[in-house]
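To start, the structure under review is shown below, and the notes come after it.
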Amino acid sequence: MDTSILDQTTTPIFDVAIIGAGLSGSLCAHLLAQSGQSVCVIEKSRGSGGRAGSKRLENEISCDLGTPYILAKHLDTLALFQPLTQDHIIAPWQQGNDQEGKAFVGVPKMSTLTRHWLEAATLVTNTRIHHLDQLNNDSEQPTWLLRDDKYKPVVIAKSLIIATPAQQAASLLATHDKLAVPLLRANRACENYESQWAMWLETEPCDLGALIEPKGSPIKRMIKDNHKPMRPLENVDRWVIQTDPSWTKHHLDTDKGWIADALLQAFSEITEHRVLKHGDPHRWFLSRFTEHKANRPFVWSPEHQVGLIGDWLCQGDAEGALLSAMSLTKHLKDLN
């Protein structure tokens, strides 16, 4: 549901407000809504998915410019994916499998997964939460008022869950002096991230594999996006290329035109294929987090009813985002 659908004359009230509509926030919303709670998810972008979002190109064509697939290594993830596979929300992708786990992709694009999980929640898009106010400070049960970057009220909620990268979580937590403990946890993780450039391009159809991980190249991974399961057949190969984190670190603020030229040259050297068309490089500043080990893959402050979830709290990858959300919702269920 878009912001425009909400009644702007009063501030809507929910049991739970979740900031961030990526994998962890969307799954958390789904699981909490299943338990009968009213859930509102606030997302700064125009759609769901976060780093597992999809980019629309033209003529209703899109590609997965972020997370290309989810590698499921844990039994809980495989159990979560079983009904989704049966309902054709996701599909196994054999080319992404490795010795540790099985790869899955959203169909017909990765963001289908988060949209599915958000069906029972209210989604407010194009809204950046900037400030947290605690209401009813004298009561045993605090209530949170979330304000946007213009200090306008967005929602009121009994509980608050922040499902953003560590840096963004820290910025939000710092707006309230009672959230020092979860703020400390977020601050500790802020240095443990990697950035990445990503770009799509098209070539004539070729017999190269759908997933290539070059060595000694600016490119870390090349994926034939339209060769994933249940993608429409086309007369081109559409690739998504993602850069090596070390190379990215040295070129984080480099002009996009230079980045595009460097990646096109590297791609041509690896594949020996001519690029027919390409998009502009996209910089994922907070692309991936190294694992920040702790006792639990989430943070929950019972006295303030505030939680943190995300990949940076568990494994640092897409599956970690899901495991973090499942762990927190299980913890809250056990408390009741």
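The values are calculated or read from the model by the stated rules, or taken from the named source; none is laboratory data. Computed from a predicted model, the values in this text were never measured in an experiment. No Cβ is skipped: glycine too gets one built from the backbone with ideal geometry, and neighbour counts run over all protein chains shown. With ligands, DNA and RNA removed, areas are computed over all heavy atoms of the protein, side chains included. Shrake-Rupley method; radii C 1.70, N 1.55, O 1.52, S 1.80 Å.
Can you find, within the range 15-41, the residue that is nearest to Val154 (Cα to Cα) among those that are out of contact with any helix residue (DSSP H, G or I) (no Cβ under 8 Å at 6 or more places or on another chain) and surrounded by fewer than 24 Cβ atoms within 10 Å (Cβ to Cβ)?
Ser38
Does the range 93-108 hold any residues that are more than 8 Å from Tyr69 (Cβ to Cβ), surrounded by 19 or more Cβ atoms within 10 Å (Cβ to Cβ) and free of Cβ contacts under 8 Å to residues at least 60 places away in the same chain, and which are they?
The answer is Gly106, and nothing else.
Go through the range 176-189 and count every residue that is of a type in the set (Lys, Arg), open to solvent by 40 Å² or more (accessible area, probe 1.4 Å) and in a helix (DSSP H, G or I). Before the answer, list the steps.
Residues of the range 176-189 of a type in the set (Lys, Arg): 178, 185, 188.
Add one more test, that the residue is open to solvent by 40 Å² or more (accessible area, probe 1.4 Å), and what stays is 178, 188.
Of the ones still in play, those that are also in a helix (DSSP H, G or I) are 188.
Within the range 176-189, residues that are of a type in the set (Lys, Arg), open to solvent by 40 Å² or more (accessible area, probe 1.4 Å) and in a helix (DSSP H, G or I) number 1.
Could you check the range 147-175 and list, in sequence order, the residues that are closer than 14 Å to Gly307 by Cβ and either more than 19 Å from the chain's Cα centre (by Cα) or not in a helix (DSSP H, G or I) (or both)?
Hits for the range 147-175 are Ala157, Lys158, Ser159, Leu160, Ile161, Ile162, Ala163, Thr164, Leu173.
As an exercise: evaluate Thr11 against (1) open to solvent by 30 Å² or more (accessible area, probe 1.4 Å); (2) assigned to a helix (DSSP H, G or I) and give the number of the one condition it does not meet.
Of (1) open to solvent by 30 Å² or more (accessible area, probe 1.4 Å); (2) assigned to a helix (DSSP H, G or I), only one is false for Thr11: (2).
State which residue is nearest to Leu23 (Cα to Cα) when the search covers only the range 123-175 and only residues that are open to solvent by 40 Å² or more (accessible area, probe 1.4 Å) and among the acidic types (Asp, Glu).
Per the stated criteria, the residue is Asp149.
Count, please, the residues in the range 322-336 that happen to be touching a helix residue (DSSP H, G or I) at 6+ places or on another chain (Cβ under 7 Å) and either more than 24 Å from Ala180 (Cα to Cα) or open to solvent by 10 Å² or more (accessible area, probe 1.4 Å) (or both).
Taking the range 322-336 as the starting set, the residues that turn out to be touching a helix residue (DSSP H, G or I) at 6+ places or on another chain (Cβ under 7 Å) are 322-326, 328-329.
Next cut, either more than 24 Å from Ala180 (Cα to Cα) or open to solvent by 10 Å² or more (accessible area, probe 1.4 Å) (or both) only: 322-323, 326, 329.
Count: 4.
Sort through Ala120, Ala157, Ala91, Ala170 and tell me the only one that's in contact with a Gly (Cβ under 9 Å, 6 or more places away or on another chain) and at pLDDT 95 or above. Working first, answer last.
On the way: Ala120 fails: in contact with a Gly (Cβ under 9 Å, 6 or more places away or on another chain); Ala157 fails: in contact with a Gly (Cβ under 9 Å, 6 or more places away or on another chain); Ala170 fails: in contact with a Gly (Cβ under 9 Å, 6 or more places away or on another chain).
Unique residue meeting the criteria: Ala91.
Under 8 Å between Cβ atoms, which residue pairs at least 6 apart in sequence (or on different chains) link something in the range 314-336 that is free of Cβ contacts under 8 Å to residues at least 60 places away in the same chain and under 14 Å from Phe289 (Cα atoms) with a partner that is open to solvent by 30 Å² or more (accessible area, probe 1.4 Å) and of a type in the set (D, E, K, R)?
Listed by first residue and then by second, the contacts come to Cys314/Glu291; Gln315/Glu291; Gly320/Glu291.
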